[in-house]
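Notes to accompany the following structure.
The values are calculated or read from the model by the stated rules, or taken from the named source; none is laboratory data. Computed from a prediction, not measured in an experiment: that's the story for all the values here. We place every Cβ from the backbone using ideal geometry, glycine too, and count neighbours over all the protein chains shown.
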Amino acid sequence: MKADIGPYTYSIRFRKEPGKALGKNKGGLPKDLYGLTINGEQLIYISNRHSKKVQQDTLVHELLHAAWFASGLGSLHHPSEEETVSILAPMVLQALQSNQELRDFLLDDQV
Ligand SMILES: [Zn+2]
């Protein structure tokens, strides 16, 4: 599954342990990670050990991390709430509009 976020196209992968994607450079990440975004490689990992509802929530969470990265908001000292929401909202909309499989996964309410 893929998602366009700003100028980037992220690949979304489902794994039992997303932290394993980092190999030995896991640092202090917990073993039971729900999701992980690697911005440098445009990769999002979602743990498939949890319910679909949890995976949906985790994927939105990780998409927002990707949008935060793509927006450059992290380089601002204290972006305001309005600035943050105004920049992230169109990126979330873009991600949803970019991929039918992503929409089907996130909008499935039969979970
Ligand atoms: Zn997070």
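For (1) within 19 Å of R13 (Cα to Cα); (2) more than 16 Å from the ligand (Cβ to nearest atom), each residue gets a yes or a no:
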{"position": "L36", "(1), (2)": "yes, no"}
{"position": "L43", "(1), (2)": "yes, no"}
{"position": "L59", "(1), (2)": "yes, no"}
{"position": "A67", "(1), (2)": "yes, no"}
{"position": "P79", "(1), (2)": "no, yes"}
{"position": "E82", "(1), (2)": "no, yes"}
{"position": "I87", "(1), (2)": "no, yes"}
{"position": "N99", "(1), (2)": "yes, yes"}
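The single condition among (1) within 15 Å of the chain's Cα centre (by Cα); (2) over 24 Å from A21 (Cβ atoms) that V92 does not satisfy is (2). The residue of the stretch 27-49 that is farthest from A70 (Cα to Cα), among those that are β-branched (V, I, T) and crowded, with 19+ Cβ neighbours inside 10 Å, is I46.
Restricting the stretch 14-28 to residues that are over 18 Å from R103 (Cβ atoms) and in contact with a strand residue (DSSP E or B) (Cβ under 9 Å, 6 or more places away or on another chain), the residue that is modelled with the highest pLDDT is R15.
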